[in-house]
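A short worksheet on the structure shown next.
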Amino acid sequence: MPIAVPTPVSSPPPAVGASRLVALLRTSHFLRAVPLPVIERLAAHATLRDLAVGARLWREGDVATGFHVIAAGLVTVRRSLASGAEVIVAIFGSRENVGDTAALEGSRYPADAVVTSEAATVIKVDAQRVLEQSALCPALALALQQALCRHAAALRTKVEILSAGTVRARLANLFLHLASRFGDDLADGTVAVPVALSRTTLASLVSARTETVIRALRPWERAGVVVTDGGRFVLGDLPTLTACAAEG
């Protein structure tokens, strides 16, 4: 009598939401070099949010319980001063992650994280799961180290922008920085930065008055050096911006 062989039971396909989470996490700078099974385990303890401009990922003083990956959009980290003014500490965009130091330490966030673009898609991955998996996966441990290095580089860039000299030089440095991080080369030789920051936000990033920024941008807009086109900036003359950045 032949022995009956049990039919293997296949694993159920992942849910649509889980598949989207995995796909978005795989494209992030944080996890792109991490093995797929590890990403899938992290995605099982992750949540995705679609947020509108002005929404907060967290508020200053909140306890950090997760790593935040920006799938789309732009997020600024900002602090409120005693005078009531806000200072933008750093800016993060698509495929980047934000708030890693506090998440690693399990400490409180020292500043707010606010959506600056018209919309943003953000994934929060449970911090404890990331730490557990990093102890088992060298690639994830390395990814955490690299993420911290990128954060340090972003803060250094902010210092470089603020120390560039005139408001025009600071703005030029800022636009060149945005182009290097988020820009797309277009067929006509221009560069599109797929986020359009308000003049007030630009002013905060370069530590200047909004009115001063408006005056500094006006000649560039007329000459096509920097043009606001819907939800993006189009940089039409990188050599001019480079020369302005070097003016100091």
Condition check for V195: crowded, with 18+ Cβ neighbours inside 10 Å, in contact (Cβ under 8 Å) with a residue 12 or more places away in the chain, closer than 30 Å to T65 by Cβ and assigned by TED's automatic domain parsing to the domain that holds D100:
no
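Yes/no per residue for (1) closer than 13 Å to L104 by Cα; (2) surrounded by fewer than 15 Cβ atoms within 10 Å (Cβ to Cβ); (3) touching a Cys at 6+ places or on another chain (Cβ under 8 Å):
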| residue | (1), (2), (3) |
| --- | --- |
| L148 | yes, yes, no |
| R156 | no, yes, no |
| V159 | no, yes, no |
| V167 | no, no, no |
Here is a list of conditions, (1) touching a helix residue (DSSP H, G or I) at 6+ places or on another chain (Cβ under 8 Å); (2) closer than 30 Å to P37 by Cβ, and R150 meets all of them except one; can you say which number that is?
(1)
May I ask you to say which residue of R95, R150 is under 23 Å from L174 (Cα atoms), touching a residue at least 60 places away in the same chain (Cβ under 8 Å) and in contact with an Asp or Glu (Cβ under 9 Å, 6 or more places away or on another chain)?
R150
How do the strands (runs of 3 or more DSSP E) wholly within the stretch 29-81 filter down when requiring 2 or more residues that are basic (K, R): which remain?
75-80
Whichever residue in the stretch 82-118 is among the small types (G, A, S) and assigned to a strand (DSSP E or B) and, among such residues, is farthest from D184 (Cα to Cα):
A113
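The values are calculated or read from the model by the stated rules, or taken from the named source; none is laboratory data. Everything numeric here is computed off the predicted structure, so don't read it as measured data. Reconstructed Cβ throughout: ideal geometry from the backbone, glycine too, with neighbour counts over all protein chains shown.
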